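Written below as C-alpha cells is the structure these notes are about.
The values are calculated or read from the model by the stated rules, or taken from the named source; none is laboratory data. Only a predicted model underlies this, so the values are computations on that prediction, with no experimental measurement involved. Cβ placement follows ideal geometry from the backbone for every residue including glycine, while neighbour counts extend to all protein chains displayed.
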C-alpha cells in the first residue's frame, strides 16, 4: 500500500514538473517571438478590413470633416498599405484603434503628447514593454469583433419580448410544483407540454444571442487584460497613467456572468454526454435567456467605463506598434508644429513603403509646380510629403530628419479613375475630386492639397487654361499645394506665382536612368519617346513621333 502511494506521488510530481517545464518553455518561446518581431517590418497577411474599420466607422461622425483623412485621400495614398507597414499590434483592439488613429488629424497638442508619452514610456522600459505585449497577445485577435458597434447598438442585440420568456419560466415551475403536489397524469402532461414549448422556443431563438456571446467573451478578455495590467507587479503602467483602475473595478460581477454564458454555449456546441443533458435542462428553463438579458442590461449601463478601457488598451497596443515602426525605419523624427507659419520644411524625407528610398529635402510655402519626366519620381515625392503630413498629425512620427508644418487639413487628387457603375468619365471624376478640394478651403485654418497630373482628362488648351485658374485660386486661399504636371507651359505661366521644382532623367550609354533627386526650377527634358524606343516599339513609330515633336518645337 505504501509503495502504491509512493509511485502515485512520484507520478503526480512528474506530471506537475512536466507542466511547469512546458509552461516555462512556452513563456520563453513567447518572449523570444515578441523580441524577434519588435522593430521589424510586419509580414504580409490577409486583413479583415470590415472588422478593423468598425471602430472608425462608429466614431468618424464625431470627428470634424476637416480633421479626417477622407476616403479619396486614403486611397490615393494607399493608406491600407501604410497601415499594414506600421501595424505590429498584438490585439484586435489595438488594430482597430491604430486604423482609426491614422484616419484622424490631431490638432490638439494634448492628444499627440499623450500618445507620445506612452511611446517614450515603452521605449525606455524594454522589459515592461515585453510584459505588456504578453498581456496583449493573451488578449489576442478575434476577427470581426465589432465591439464598439455592438456596444453602441445594444438594443439591436437584446432579446426581445423577455417578459414572454419570464411567463414561460413561471408556467414551467408552476406546472412542476403542480405535478409534484398532485402527482397525476394531467399535471405531468401539462409539465411535459410546457417543457416542450420552452425547448422549441429555445431552439428557435438561441442562435440570435449565441453570436453575441462571442463578442461578449472578447469583452471579458479585454476586461481581464485591464485587470492584469492594474494588478501587475512587473509593470508600473497603471501607477504612471492611472487609466484602468477605476473603469475596470465596475465590471467585477459582469465578467463571471459572461463566462457562464460562454461556457454554456461551448458545452452546447460540443454536444456530448451529460453536458448535453444539462444544456437541454437550460433550454427548457430558458435560464440562459434571462441571464443574457441581465448581462446586456449591465453592459449598457457601463458603456462609458468600457469605452475608457477600450481606449486605454487600444492606445497601449498602438503606442507599442508605433514604437516598433520607428525602430524598423532607417530613421525618423517627431514633427514640429508652427501655428504662425504657412510653409513646410522637410529634410531628408522619404516614403515609408519604399525600401532603400532616396531622400529629398525641400522648404516651401504657398505653391509648388512639380514637373519632370515619366517615372522620374514626381508622384512618389508628392505622396511622401502628403503621407508624412498625415503621420505627423496622427501618430506623431515622420520619416525624415526634420519635418516642420502648420496643423492642417490634408486632401489629395491623384488616383482618378473612370467609374463604370455611375457612368462618370475620368474627367468628370477628376472635376469632382478637385471641387472637393476647393470646398474644404477655409481662411481660418491651413489646408495642404496635393494634385498629381492636374486636369489631364481634357484637351491641352483647356487643360492649361483651367489648371492656371485653379492653381491661382489655391494660391489666394489659406492653402499650401503641390501640383505635379507634364505641361511645361504651366511652369512658365506660373513662374511668378509658384516655385518650380523638377525630377530629371540621366542618359547613360543610351539608356534612361533616374536619380530620383529633387532639383530647383522647371524641367527641361522629355523622355516619353525615348522610353518607347527602349521598350522596343517599332522604329516607324519612333521616327513619326520625333518628326511630329520637331515640327511643333521648331
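Within the set 33, 46, the sole residue that is without any contact (Cβ under 8 Å) to a residue 24 or more places away in the chain and either on the phi > 0 side of the Ramachandran plot or part of a loop (DSSP other than H, G, I, E, B) (or both) turns out to be 46. Considering 454, 480, the condition of being surrounded by 14 or more Cβ atoms within 10 Å (Cβ to Cβ), within 27 Å of residue 105 (Cβ to Cβ) and either modelled with pLDDT under 80 or over 40 Å from the mean Cα position of the chain (by Cα) (or both) is satisfied by 454 alone. All told, residue 465 falls short of being out of contact with any strand residue (DSSP E or B) (no Cβ under 8 Å at 6 or more places or on another chain) and either under 30 Å from residue 356 (Cα atoms) or modelled with pLDDT under 80 (or both). Between 313, 309, 320, 284, the distinction of being closer than 18 Å to residue 83 by Cβ and in a helix (DSSP H, G or I) belongs to 320 only. Tell me whether the range 107-116 contains one or more residues that are modelled with pLDDT of 90 or more, surrounded by 18 or more Cβ atoms within 10 Å (Cβ to Cβ) and touching a strand residue (DSSP E or B) at 6+ places or on another chain (Cβ under 9 Å). Yes. Scanning the range 31-49 for residues being surrounded by 11 or more Cβ atoms within 10 Å (Cβ to Cβ), under 23 Å from residue 146 (Cα atoms) and in contact with a helix residue (DSSP H, G or I) (Cβ under 9 Å, 6 or more places away or on another chain) gives a total of 2.
Output yes when any residue across the range 58-66 is buried (at least 16 other Cβ atoms within 10 Å of the Cβ) and out of contact with any strand residue (DSSP E or B) (no Cβ under 8 Å at 6 or more places or on another chain), and no when none is. Scanning the range 58-66, I find at least one residue that is buried (at least 16 other Cβ atoms within 10 Å of the Cβ) and out of contact with any strand residue (DSSP E or B) (no Cβ under 8 Å at 6 or more places or on another chain), so the answer is yes.
For the criterion of being outside the structural domain of residue 233 (by TED's automatic domain parsing) and in contact with a strand residue (DSSP E or B) (Cβ under 8 Å, 6 or more places away or on another chain), residue 103 passes. Test residue 102 against the criterion of being in contact (Cβ under 8 Å) with a residue 40 or more places away in the chain, within 13 Å of the chain's Cα centre (by Cα) and surrounded by 18 or more Cβ atoms within 10 Å (Cβ to Cβ), and give yes or no. Yes, satisfied.
Would you call residue 202 surrounded by 14 or more Cβ atoms within 10 Å (Cβ to Cβ) and part of a helix (DSSP H, G or I)? So residue 202 passes the test. Tallying residues that are surrounded by fewer than 19 Cβ atoms within 10 Å (Cβ to Cβ), in contact with a strand residue (DSSP E or B) (Cβ under 7 Å, 6 or more places away or on another chain) and assigned to a loop (DSSP other than H, G, I, E, B) within the range 335-377 yields 4.
Across the range 141-164, the number of residues qualifying as out of contact with any helix residue (DSSP H, G or I) (no Cβ under 7 Å at 6 or more places or on another chain) and either in a helix (DSSP H, G or I) or modelled with pLDDT of 90 or more (or both) comes to 4. For the range 73-102, residues that are more than 23 Å from residue 336 (Cβ to Cβ) and not in a helix (DSSP H, G or I) total 6. Of all the criteria given as (1) modelled with pLDDT of 95 or more; (2) within 30 Å of residue 446 (Cβ to Cβ), the one not satisfied by residue 121 is (2).
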